[in-house]
Amino acid sequence: MPWKPKKYVPYIPKMLYAPLKAKDITWGDKDLIAKLYSDGKTESEIISLTKNRRAYVHNIILRLQHPEDFIIEPSNVKSTVKLCVLCNLEITGKRRQKYCASCRHEQKLASWRKHRAKYKFVKATIYSLVTFKCKICSKDFTASKWAERIYCGRACYFADPNRKKFPIKNPDNWQTIICQKCGTSFENRKSTIRKYCSTKCYFASPSHVWESKEADKWLKVNCLICGKSFETYKENPHKYCSKACYFKSRRNKRAAQTV
């Protein structure tokens, strides 16, 4: 027989007490519960006779035992009948209510428009454009009145010899150092230590190779193409100093094979 998959049956755990079915549960019957309670029946007996929930029966018995705790006091805010201030429509609401639903919506829109107009006015006054005259070329230009500009552009700013410059650096925090590779002097902060004027001099210096690497594991060889000396690893020594020399050697080998 061909194999057939078994039909999936969900696992339903067995319950100690089977729950009441929906048709067995009855809600209501307050008069019946009150009558049974006046006849001297207990709470569990009333539940078994009326098929009601325990919390529902308990709440009704509490109301019968202490009726004064369940008296609802009238609200202090009384609803009154009056006319709308704008359209004279009769409305029923609280004492402070002035408008009907449509007029209330129009009032909200009016307040929003008023706030928006005020915002636009403030924005126009802050970002209003004013005409200025350039100090160098005497050209008229427009800018915000809060900017207080003197020059029309960067060209006029740098052309002014009496312009406001950035503060000069404090000479007490700077020192003059001579580059160990090319011998040129440069300024550097005292808080940082530098030996070379640029990265070019740093990579060209021999200390870059032999200070950062273990000298026992490195070897100096000459390139087979250009004859330049370079450092390589002893366990896997390279024959060429760069990729350019490597590809040049491959081209030379191919040319020799074709001939």
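The values are calculated or read from the model by the stated rules, or taken from the named source; none is laboratory data. Bear in mind that the values here come from a model prediction, so they are computed numbers and not experimental data. Quick reminder, even Gly has a Cβ in these numbers, built from the backbone with ideal geometry, and neighbours come from all protein chains shown.
When Thr142 is tested against (1) exposed (fewer than 13 other Cβ atoms within 10 Å of the Cβ); (2) outside any strand (DSSP E or B), exactly one condition is not met: (2). Contact map, the stretch 224-237: first residue of a type in the set (Val, Ile, Thr), second residue outside any loop (DSSP other than H, G, I, E, B), Cβ cut-off under 6 Å, separation 6 or more or different chains; pairs are Ile225/Cys245; Ile225/Lys248; Ile225/Ser249; Thr232/Leu219; Thr232/Val221. Within the stretch 145-172, being surrounded by 13 or more Cβ atoms within 10 Å (Cβ to Cβ) and aliphatic (A, V, I, L, M) holds for Ile150, Ala159. Among the residues in the stretch 180-196, are any modelled with pLDDT under 85 and of a type in the set (Lys, Arg)? No: the stretch 180-196 contains no residue that is modelled with pLDDT under 85 and of a type in the set (Lys, Arg).
Condition check ((1) assigned to a loop (DSSP other than H, G, I, E, B); (2) within 30 Å of Asn162 (Cα to Cα); (3) not assigned by TED's automatic domain parsing to the domain that holds Gly153) across all residues:
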position: Cys87; (1), (2), (3): yes, no, yes
position: Lys108; (1), (2), (3): no, no, yes
position: Arg116; (1), (2), (3): no, no, yes
position: Val122; (1), (2), (3): no, no, yes
position: Lys135; (1), (2), (3): yes, yes, no
